Amino acid sequence: MRHTLKYNGLALFLLLALVISCGNPKKLPVMGPKTVLESDTLYHTIPDFELKNQDGQIVSVGDMKGKIFVTDFFFTTCPSICPIMKTQMLRVNEKFGSVQDFGIYSISIDPRHDTVEVLKEYSERLGVENESWQFLTGDLDSILDLAQKGFLVSAAEDSTAPGGYIHSGAFILVDKDLRIRGYYDGTKESKVDELMKDIAILQKEYEGV
Amino acid sequence: MKGYRPVLFIISAFILFQCTDAKKLKKDRSVSHGLALYTQLCVQCHGEDGKGLGTLYPPLAGSDYIRENPDSLACIIKYGKDGPLEVNGVLYNQPMPGNPLLLDDEVAHLVNYIQNAWGNKGEYIAIDSISASLQNCR
């Protein structure tokens, strides 16, 4: 008799814990180095830069601020992982491409080949019609710098790699305040599912303010 | 004398049956090797379903190019392809990388796979004729 009571209590406790944890949606972490001041924590944010999109317009970090956005680094002639990344990014674009204050920035790490015109044709052939997915090109050194120091992913020229560059296959999720909130393997469908769930969580976070 | 005829008939029918069966077996085996290679080397662009991606990467499923140019497939797979190329009425123009390290039998498996996957229908191509085609790549 006492035993059953004990078990019932335990079961009740577990149930309660479950309900509470369900009611509290998970909050995404903020990635990157932090600086803790006396009363405040400063988080790493995407630094300023200037690149051109597939229509030849200048895009800077100011255009990204105020948007929840996803970034990846790629190049149009990349034979290995980029095609899969683009297939997966198409899924993200399909789901969120028409949502307000959302954007996708695919940044080329082979800007000598990937000129504005090349990116324009690439995006059209990929079937991207909305404005929220932009393809960016510019100065090689500032792009590699932006990848490494801004988005904290690897990207470098390497003549032994397929296509001549090594780069991360990550999709990087950034919030409206330019803070990095997550990294997802853009070559794996299940990870991209996770990304799409987290975008929704992030949207809620801003709605709640 | 007459009594031999049915026996002969049965024996030759049996041999014939065995031969076609052996050929089908060879083809099936080649196609399944081809699938494994396809998953490593081609799927990222042409897709699991062989439908390609937008107008960047052309489809292999139902491709008129594959149907009409069976002899050029080995060269494309081994040495890649550049410049404009029309498939099912759409013009594609992206470089496809080659796979120069593939052996002739691996190329044959890939050709057999893409000619017989996704509803495509093709004859079994033997390794000899692939080796011959590979002599004539530009």
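The values are calculated or read from the model by the stated rules, or taken from the named source; none is laboratory data. Remember, it's a predicted structure, so these values are computed and weren't measured experimentally. In this analysis, Cβ positions are derived from the backbone assuming ideal geometry, glycine residues included, and neighbour counts consider all displayed protein chains. Each accessible area value is taken on the protein alone, full model and side chains, heavy atoms only, with ligands, DNA and RNA left out. Shrake-Rupley method; radii C 1.70, N 1.55, O 1.52, S 1.80 Å.
So the values come out like this:
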quantity: Subset of the stretch B:86-122 [surrounded by fewer than 16 Cβ atoms within 10 Å (Cβ to Cβ) and under 25 Å from A:C78 (Cα atoms)]; calculated: B:E86, B:N88, B:V90, B:L91, B:N93, B:P95, B:P100, B:L101, B:L103
quantity: Test for A:K188: is it modelled with pLDDT of 95 or more, in contact with a helix residue (DSSP H, G or I) (Cβ under 9 Å, 6 or more places away or on another chain) and either open to solvent by 20 Å² or more (accessible area, probe 1.4 Å) or not hydrophobic (A, V, I, L, M, F, W, C) (or both); calculated: no
quantity: Selection within the stretch A:113-136 - facing chain B (nearest Cβ under 10 Å) and assigned to a helix (DSSP H, G or I); calculated: A:E121, A:Y122, A:S123, A:E124, A:R125, A:L126
quantity: Of all residues making up the stretch B:1-50, the number that are open to solvent by 100 Å² or more (accessible area, probe 1.4 Å) and either under 29 Å from the mean Cα position of the chain (by Cα) or modelled with pLDDT of 70 or more (or both); calculated: 14
quantity: Only listed residue being more than 11 Å from chain A (Cβ to nearest Cβ) and farther than 29 Å from A:I81 by Cβ, chosen from B:V7, B:V107; calculated: B:V7
quantity: First in the stretch A:128-155 and in the same structural domain as A:Y183 (by TED's automatic domain parsing), second anywhere and in a helix (DSSP H, G or I) and open to solvent by less than 60 Å² (accessible area, probe 1.4 Å), Cβ under 6 Å, 6 or more apart; calculated: A:W133/A:N93; A:F135/A:L119; A:F135/A:S123; A:T137/A:L119; A:V153/A:A147; A:A155/A:L144; A:A155/A:A147
quantity: Qualifying position, being modelled with pLDDT of 95 or more and either in the same structural domain as A:I199 (by TED's automatic domain parsing) or touching a strand residue (DSSP E or B) at 6+ places or on another chain (Cβ under 9 Å) (or both), among A:F69, A:F49, A:F75; calculated: A:F69
quantity: Residue within the stretch A:187-208 that is in a loop (DSSP other than H, G, I, E, B) and touching a Phe, Trp or Tyr at 6+ places or on another chain (Cβ under 8 Å) present; calculated: no
quantity: Enumeration of residues in the stretch B:60-85 that are closer than 22 Å to A:L119 by Cα, open to solvent by less than 50 Å² (accessible area, probe 1.4 Å) and not in a loop (DSSP other than H, G, I, E, B); calculated: B:L85
quantity: Close pairs from the stretch B:111-138: first within 25 Å of B:C45 (Cβ to Cβ), partner in a helix (DSSP H, G or I) and aromatic (F, W, Y), Cβ under 9 Å, at least 6 apart; calculated: B:Y113/B:Y38; B:I114/B:Y38; B:A117/B:Y38; B:L134/B:Y79; B:C137/B:Y79; B:R138/B:Y79
quantity: Filter result (touching a residue at least 12 places away in the same chain (Cβ under 8 Å), open to solvent by 10 Å² or more (accessible area, probe 1.4 Å) and either within 14 Å of another protein chain (Cβ to nearest Cβ) or touching a Gly at 6+ places or on another chain (Cβ under 6 Å) (or both)) within the stretch A:88-97; calculated: A:Q88, A:L90, A:R91, A:N93
quantity: Residue within the stretch A:176-184 that is within 14 Å of chain B (Cβ to nearest Cβ), open to solvent by 40 Å² or more (accessible area, probe 1.4 Å) and in contact (Cβ under 8 Å) with a residue 40 or more places away in the chain present; calculated: no
quantity: Yes/no for A:D110 being in the same structural domain as A:T45 (by TED's automatic domain parsing), in a loop (DSSP other than H, G, I, E, B) and either among the small types (G, A, S) or crowded, with 20+ Cβ neighbours inside 10 Å (or both); calculated: yes
